[in-house]
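Working notes, beginning with the structure itself.
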Amino acid sequence: MNKNIIFQNEKGLTLVEILATTVLLSIIIIFISSLLMFAQKQFSAQTEDTEELFDVTYVSQMILKDVRKATEKPIVSENKVEVNQQAYEFIEHSKTLEKNGVPISKDITSFTVELEEDKFSLSLISQTNKKVETMIMIRGADCDEEAETEICK
């Protein structure tokens, strides 16, 4: 009679139930972890792209600010522009842009500056093809008889 009592008490889990639960939990955990990994990769990629765009935009604004404050016309040559004793130079082999010999931005693939009469054009392209193009018109300062700046001539 004791044997019948033992078999009627089924309060435990069978091996099949434990294995099924383990497999289902494993599948759910793998799905959630792959989803989190994908989200982390996307976040990292977008953060890198945003930082590069910010760097290129910041450099562009820095150069344009110096051009706007200039008392003389900028001196433009290949991969270099000089404004108010500030020299911006693009070093192609290291893909860096330097201001007075100090690197201010890296991973720039293209730096183009053009000066046509009163039009100053600037184009920067980052390594991920983020492009910033800007054009400003250089206007003369208040030119009077005593002003001897390059812009007034």
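The values are calculated or read from the model by the stated rules, or taken from the named source; none is laboratory data. Nothing here was measured: the structure is a model prediction, and the numbers come from that model. Quick reminder, even Gly has a Cβ in these numbers, built from the backbone with ideal geometry, and neighbours come from all protein chains shown.
What the table below lists for this structure:
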read-out: Matching residues, the range 33-74, being modelled with pLDDT under 95, of a type in the set (A, V, I, L, M, F, W, C) and not in a loop (DSSP other than H, G, I, E, B); value: ALA45, LEU53, PHE54, VAL56, VAL59, MET62, ILE63, LEU64, VAL67
read-out: Number of positions in the range 75-97 that are surrounded by 13 or more Cβ atoms within 10 Å (Cβ to Cβ), in a loop (DSSP other than H, G, I, E, B) and without any contact (Cβ under 8 Å) to a residue 12 or more places away in the chain; value: 0
read-out: Where a residue in the range 108-134 is more than 14 Å from THR50 (Cα to Cα) and at pLDDT 90 or above and its partner, wherever it lies, is acidic (Asp, Glu) and part of a strand (DSSP E or B), with Cβ under 7 Å and at least six apart; value: SER121/GLU114; SER123/GLU133
read-out: Lone qualifier among ILE18, ILE30 - being surrounded by 10 or more Cβ atoms within 10 Å (Cβ to Cβ) and at pLDDT 95 or above; value: ILE30
